[in-house]
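Take a look at the structure set out below.
Throughout, read-outs are computed from the coordinates displayed, never taken from laboratory work. Since the structure is predicted, the reported quantities are computational estimates derived from the model, not experimental observations. Quick reminder, even Gly has a Cβ in these numbers, built from the backbone with ideal geometry, and neighbours come from all protein chains shown.
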Amino acid sequence: MSLTLVLVGVFVVGVVLVLFVGYGISTYNTLVSLKKRVDQSKQNIDVLLKQRQDELTKLIDAASEFMDHEKELLTELTEARERAEQAETPGEQATADQMVRNAMATFNARVEEYPDLKSQGNMMQFQNRISDIENQIADRREFYNETTTRYNTRISQFPYVLMARQFGFTAKELFEASEEDKKDVDVAAAFA
């Protein structure tokens, strides 16, 4: 009888140990999967930012032929584009993105003053393409924040927090609007 109890005890301990290890592996894999989704969603934003940079370069080149006396405006747009290229963190990218949007709003308002420029088909294509990319960036940022929030929440919850600390899973930064982004837009200034 004693040997049977020992075998049952060993079996129960073995099953519990297997379940514990299985749960640990499942927890780790969940964290890895969430982290990869956050990384992928960030990379998707980077792809769109690169596309926008390419379109902005083409737009600036096309506009510079017609807007010789608007050097300041083109310089502002170029500087905003370059700042966006250099941004690395979500916070820096959000700030640079706002600069690009402000420069594009001013640019679009000024284009109205140039009928020859407005009639150029490629100018309208560039502007429309940039506008489409801006919408896609906004959608991707929303998805990024959603996946990042899910990841950040999970690594803070028990028992995931134990695994997260053990294997170095750290919180990711969200895309957040700066205080300037939250202010009302002065449309009249863009037309001045």
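If we count every other residue with Cβ under 14 angstrom of T147's Cβ, Lys/Arg +1 and Asp/Glu -1, where does the sum land? Before the final figure, lay out each step's value.
Details: positive: K35, K36, R37, K42, R140, R141, R150, R154, K172; negative: D39, D139, E142, E146, E173.
Combined, the nearby Lys, Arg, Asp and Glu give +4.
Counting 0.36 nm for each residue step from Q53 to T153 and taking away their Cα separation leaves a gain of 32.7 nm.
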